[in-house]
Amino acid sequence: MSAALIRGGDVITMDDATHAAPVRTDIRISDGRITQMGPALQAHPGEEVIDANGLLITPGFVNAHTHSWEYFAKGRYDNVPLELWMLCSYPILGAGRMSPDLIRLRSLMFAMESMKAGVTTLIDDVLETPGQDVDQLAAVVDAYTDIGIRANVSGHIINRPFVDTLPFVADWLPDELVREVRAEPALTADEYLGFSRSAFERHHGTAGGRIRYMLAPSGPQRCTDDLLVGATELAAQHDAEVHVHVLETKTQAVTGDELYGGRTLVQHLDEIGALSERTTFAHGIWVTDDDIERIARAGVSVSHNAISNLKLGSGILPWRRYRDAGVNLGLGTDGCSSSDSPRLLEVMKTAALLHKVTEPDFERWPTVPEVLEAATIGGARSGVLDHAIGSLEVGKRADLVMFDTETLAFMPRNRLENQLVYSENGSSIVRVMVDGVVTVENGRLTRINEDAVIATLREEMPGIREEQDRLDALNAVFAPAFTRMHAETAAREMPVNRWSGDESAWVRQAAGM
């Protein structure tokens, strides 16, 4: 679509002027960019006019933290904490190289479900086991290019032996198993940064600017310091995002104690110079007040993954403390084996509700405008994309979603922004645009044959499931030690408690009191 005029809709701009309050305005789009906004705009010759009467128009949603890698495991696991869940979703031993064809299929399925639910940008922390190669990364990029979605796509890296990234387990596992894990090949910092330089040259800014490469050191406990610092420096050279998992669980809080002599993981990253305004922390739950001050001072963003954090029992992010400190928040679904859905609307509602039960002061509860901000411009800022997307403003790319307000979700019509967060589940979406191009129309994708993609998935799933079963059985050998580790770290007294229950009960029980 080269030129279009969207006329007569109610628009949530998320700009500084009207923010989340719907306003009646027209939107002119030319060459993928918003060129004019205002009431009663006149159509230009050759311009397609879209009647938006009865429609609510919002910026496209930004999924600020997700893993398309997990799509094939949707609905497979339940009632396991993160470190045990990773044995299945991110197997330590036995994983074989996934073919680029399967990766393309996986990426298309993930993008299809995301975009049909109003997500126009993915911050996709892509990991392949046992390691990512150039053809595997290209398969993700090609899939997203073809379907028309915007994405930051990573090279995710773990370059420490996994048993050395967790407290205690190396001492509890059989020696031969520890030796086997430590013998697994791992990239050096120079090798990973070299791979990333090539990825920047090949992919960064492709598909008309929709596709960007980002660096993704898995976490401070899982990567060497030279890699963490080097990734921060390389990201600055390309004005790209650095995406890092930080303090998702209490186990990770204890890990900081064990690995860094009582310092937190955030403190360690700060002291080695691995924080910047391009850094996004995925999760950021078990942070101290000092951690939050460091995060705010460095301009780091945090992706709040409310549903995944609940399903894995990781804890509750300190929403208001982050907001009070001025930390930019985005919203993420995380992967489909820890949240079972890439639909960000579900995360929006969960985030809006969850923190209302953390304290009785209702003036400190999340507001709808704050949640919408995190789902749009906050996520864009975390991805170093806020100059181009995240709000509907003249000069920005035309990434937007149109909702039919005549559906039951918006009946009776009261406050559209509230109903968007609390009542809508994506079923009212009639159109999605990315770069001014219609990618979803009345529930159907416009740029690919989704029925053919789904048919291919059905053909491949028996083989995929057989491989999942094999890996689950092989990696079950780690479960006893990891279960013991979870119990011991849960029982350690820490400066903060991010569970909803009484942490002191676990501590007293462990002490035999």
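The values are calculated or read from the model by the stated rules, or taken from the named source; none is laboratory data. The model shown is predicted, which means the values in this text are computed figures rather than measured ones. Cβ atoms come from the backbone with ideal geometry, glycine included; neighbour counts cover every protein chain shown. For accessibility, only protein heavy atoms count, side chains too; no ligands or nucleic acids. Shrake-Rupley method; radii C 1.70, N 1.55, O 1.52, S 1.80 Å.
Before we move on, is residue 500 closer than 30 Å to residue 22 by Cα, part of a loop (DSSP other than H, G, I, E, B) and open to solvent by 20 Å² or more (accessible area, probe 1.4 Å)?
Taking the combined requirement at face value, the residue does not satisfy it.
Against the condition of a type in the set (Val, Ile, Thr) and open to solvent by 20 Å² or more (accessible area, probe 1.4 Å), how does residue 49 come out, does it pass?
yes
Just give me the residues in segment 300-317 being open to solvent by 10 Å² or more (accessible area, probe 1.4 Å) and either farther than 30 Å from residue 71 by Cβ or part of a helix (DSSP H, G or I) (or both), in sequence order.
If the condition is that a residue be open to solvent by 10 Å² or more (accessible area, probe 1.4 Å) and either farther than 30 Å from residue 71 by Cβ or part of a helix (DSSP H, G or I) (or both), then 307, 310, 311 are the ones that fit.
Can you tell me which residues in segment 418-441 are in contact (Cβ under 8 Å) with a residue 40 or more places away in the chain, over 12 Å from residue 120 (Cβ atoms) and acidic (Asp, Glu)?
Matches in segment 418-441: 424 only.
Can you tell me how many residues within segment 163-173 are open to solvent by 30 Å² or more (accessible area, probe 1.4 Å) and either free of Cβ contacts under 8 Å to residues at least 12 places away in the same chain or in a helix (DSSP H, G or I) (or both)?
Residues flagged as open to solvent by 30 Å² or more (accessible area, probe 1.4 Å) and either free of Cβ contacts under 8 Å to residues at least 12 places away in the same chain or in a helix (DSSP H, G or I) (or both) within segment 163-173 amount to 3.
Could you tell me which of the residues 427, 391 is open to solvent by 10 Å² or more (accessible area, probe 1.4 Å), assigned to a loop (DSSP other than H, G, I, E, B) and of a type in the set (Gly, Ala, Ser)?
Exactly one of 427, 391 is open to solvent by 10 Å² or more (accessible area, probe 1.4 Å), assigned to a loop (DSSP other than H, G, I, E, B) and of a type in the set (Gly, Ala, Ser), namely 427.
Being open to solvent by 10 Å² or more (accessible area, probe 1.4 Å) and assigned to a helix (DSSP H, G or I) is the filter here, so list the residues in segment 319-348 that pass it.
Those that are open to solvent by 10 Å² or more (accessible area, probe 1.4 Å) and assigned to a helix (DSSP H, G or I): 320, 321, 323, 324, 325, 346.
Would you be able to tell me the number of residues in segment 476-488 that are open to solvent by less than 30 Å² (accessible area, probe 1.4 Å) and within 26 Å of the chain's Cα centre (by Cα)?
Qualifying residue count, segment 476-488: 1.
Would you pick out the residues in segment 104-128 that are crowded, with 22+ Cβ neighbours inside 10 Å and either closer than 18 Å to residue 462 by Cβ or without any contact (Cβ under 8 Å) to a residue 40 or more places away in the chain (or both)?
The answer is 105, 106, 107, 109.
For segment 78-102, name all the residues that are part of a helix (DSSP H, G or I) and either out of contact with any helix residue (DSSP H, G or I) (no Cβ under 9 Å at 6 or more places or on another chain) or not charged (D, E, K, R) (or both).
Hits for segment 78-102 are 82, 84, 85, 86, 87, 88, 89, 100, 102.
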